[in-house]
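Have a look at the structure below, then the notes.
The values are calculated or read from the model by the stated rules, or taken from the named source; none is laboratory data. These numbers come from a predicted model, not from an experiment. Positions of Cβ are generated from backbone atoms using ideal geometry, with glycine treated the same way; all protein chains shown enter the neighbour counts. In case anyone asks, the SASA skips ligands and DNA or RNA and just uses the protein heavy atoms, side chains included. Shrake-Rupley method; radii C 1.70, N 1.55, O 1.52, S 1.80 Å.
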Amino acid sequence: MSRAIQLAGSPRGVATVETEAAALREVAALSARRRALLAEIKHREAALTTWRSDQDQLDAFIRGD
């Protein structure tokens with residue numbers, strides 16, 4: 001028997017099931033937000049790496065290397 005069915009049978013079960021469902025939705029939303037932030041960090045790190053490389057090339061050009 002699932003936990004939801006067990007809880008629904010208790011006097012406060014329905015509220016508990018709804019609370020658990022809301023908590024699961026919140027966790028899913030937070031997980032999605034975390035994945036989006038990690039993707040943004042990865043994107044920015046790649047852009048910073050490219051910028052640094054460009055700066056190194058510019059410095060070498062200016063110095064005449």
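What is the sum of charges around Ala46, taking Lys and Arg as +1, Asp and Glu as -1, for the other residues whose C-beta is under 12 Å from the C-beta of Ala46?
Numbers: positive: Lys42, Arg44, Arg52; negative: Glu40, Glu45.
Counting the neighbours of Ala46, the net charge comes to +1.
Note the full-extension length gain between Arg63 and Glu20 as 0.36 nm times their separation in residues minus their Cα-Cα distance, in nm to one decimal.
Numbers: separation 43, 0.36 × 43 = 15.48 nm, distance 6.37 nm.
Result for the pair: 9.1 nm of gain on full extension.
Accessible surface of Arg44 in the full protein assembly, 1.4 angstrom probe, to the nearest 10 Å²?
Looks like 150 Å² after rounding.
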